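Reading through the structure tokens given below for one structure.
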Amino acid sequence: MLDKNSVETAPLLEVDGIETCYGLSQVLFGLSLSVRSGEMVALMGRNGMGKTTTIRSIMGMTPARAGTIRFGGQQVRGQPSYKIAKLGIGLVPEGRQIFPNLTVRENLVAASGNRLGASDPWTIEKIHALFPRLAERGGNMGVTLSGGEQQMLAIGRALMTNPKLLILDEATEGLAPLIREEIWSCLSMLKARGQSVLVIDKNVGNLSRIADRHYIIERGRTVWSGTSEQLIAEPDLQHRYLGI
């Protein structure tokens, strides 16, 4: 029989020992991580080490062939992506992947909903308050936006699903410095709001400032995990695994 306290403190997302391949090429080798409710967790590593494959495995887009992936206590490995998303995961994918031939407003409402009954759901008005530029560009087609505006739109679109967990793959990659700061401010606000977040990015300074815990992966394996305080206290880790 499960202990009540163990159920209450179980991670929102629990990835345990997953192995994922592209054809005959194996990318993940027993990778594990977890995100608790209300926690911001960073996934870090050099390019090509398996970060995006980890996200794709969680979302069912590149199914893991072994291991377990639980969300809200439910085993989701092997389920189709749309069912996993419906459980309450909002994805901001690498490259943003907004709908280019829809307006900004249409992008935001396309998948919007409060299916899980959030008490304070996201609305277009709240997204506009978070990213005023999206209000200004409401009638513009997605393809006409700058890279930074597209990233704001991708975040807004994911939030409009009112997810239990928000996943951002390369949150600020390729963005202008001012836009990056706006994204980091957004993430700080989401953390203060109690939003659970799993974020991939290379900016160790900002990640250590706002994330609760960190995982570093190397060649498809988790090689280190710890708190921001522990990461800051071990600068050699950054040189060894992050190329800084």
Open item on the list: Here is a check on your reading of the model: is MET189 crowded, with 19+ Cβ neighbours inside 10 Å, in a helix (DSSP H, G or I) and touching a helix residue (DSSP H, G or I) at 6+ places or on another chain (Cβ under 8 Å)?
Closed with: no
Task: Unmet criterion (only one of (1) in a loop (DSSP other than H, G, I, E, B); (2) crowded, with 17+ Cβ neighbours inside 10 Å) for GLN97 - done: (2)
TODO: Among the residues of the stretch 214-244, write down those that are touching a Leu at 6+ places or on another chain (Cβ under 9 Å) and among the charged types (D, E, K, R).
DONE: ARG221
Open item on the list: I need the full set of residues from the stretch 13-42 which are under 12 Å from ASP212 (Cα atoms) and either part of a loop (DSSP other than H, G, I, E, B) or over 16 Å from the mean Cα position of the chain (by Cα) (or both), in order please.
Closed with: ARG36, SER37, GLY38, GLU39
- [ ] May I ask you to list the residues in the stretch 213-244 that are within 24 Å of SER188 (Cα to Cα) and part of a helix (DSSP H, G or I)?
- [x] SER228, GLU229, GLN230, LEU231, ILE232, ALA233, PRO235, GLN238
- [ ] Among the candidates GLU149, GLU181, single out the residue that is more than 16 Å from the chain's Cα centre (by Cα), assigned to a helix (DSSP H, G or I) and surrounded by 15 or more Cβ atoms within 10 Å (Cβ to Cβ).
- [x] GLU149
- [ ] Name every residue in the stretch 201-223 that is among the hydrophobic types (A, V, I, L, M, F, W, C) and buried (at least 17 other Cβ atoms within 10 Å of the Cβ), in order of residue number.
- [x] VAL204, LEU207, ILE210, ALA211, ILE216, ILE217
Open item on the list: I'd like the full set of residues that are out of contact with any Cys (no Cβ under 8 Å at 6 or more places or on another chain) and in a loop (DSSP other than H, G, I, E, B), limited to the stretch 52-78.
Closed with: MET59, GLY60, MET61, THR62, PRO63, ALA64, GLY72, GLY73, VAL76, ARG77, GLY78
TODO: Would you point out which residue out of GLY138, GLY117 is on the phi > 0 side of the Ramachandran plot and part of a loop (DSSP other than H, G, I, E, B)?
DONE: GLY117
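Among the residues of the stretch 224-241, how many are buried (at least 16 other Cβ atoms within 10 Å of the Cβ) and touching a Lys or Arg at 6+ places or on another chain (Cβ under 8 Å)? Give the steps one after another, and end with the answer.
Quick first cut of the stretch 224-241, residues buried (at least 16 other Cβ atoms within 10 Å of the Cβ) only: 224-225, 228, 231, 237-238, 241.
Then drop every residue that is not touching a Lys or Arg at 6+ places or on another chain (Cβ under 8 Å), which leaves 225, 228, 241.
Going through the stretch 224-241 one residue at a time, the tally reaches 3.
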Task: Qualifying positions in the stretch 43-53 - under 9 Å from VAL27 (Cβ atoms) and within 13 Å of the chain's Cα centre (by Cα) - done: THR53
- [ ] Considering each residue of the stretch 18-48, count those that are within 20 Å of ALA66 (Cα to Cα), surrounded by 15 or more Cβ atoms within 10 Å (Cβ to Cβ) and not aliphatic (A, V, I, L, M), and give that number.
- [x] 6
Open item on the list: I'm trying to understand the selection: among the residues of the stretch 195-212, which are in contact with a Ser or Thr (Cβ under 8 Å, 6 or more places away or on another chain), of a type outside the set (Asp, Glu), closer than 20 Å to GLY90 by Cβ and outside any helix (DSSP H, G or I)?
Closed with: SER196, ILE200, ALA211
TODO: Could you please tell me which pairs satisfy a Cβ distance under 9 Å, a separation of 6+ or placement on different chains, a first residue in the stretch 213-238 that is closer than 13 Å to LEU43 by Cα, and a second residue that is acidic (Asp, Glu)?
DONE: ARG213/GLU39; GLY220/GLU19; TRP224/GLU218; TRP224/GLU234; GLY226/GLU234; THR227/ASP212; SER228/ASP212
Task: Top-ranked residue of the stretch 72-93 - restricted to ones that are touching a residue at least 60 places away in the same chain (Cβ under 8 Å) and surrounded by fewer than 17 Cβ atoms within 10 Å (Cβ to Cβ), ranked as farthest from the chain's Cα centre (by Cα) - done: GLY73
Open item on the list: Could you go through the stretch 155-169 and let me know if any residue there is among the small types (Gly, Ala, Ser), at pLDDT 95 or above and part of a helix (DSSP H, G or I).
Closed with: yes
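The values are calculated or read from the model by the stated rules, or taken from the named source; none is laboratory data. The structure presented is a predicted model; accordingly, all values stated were derived computationally and were not measured. All Cβ positions, even for glycine, are placed from backbone atoms using ideal geometry, and neighbour counts span all protein chains on display.
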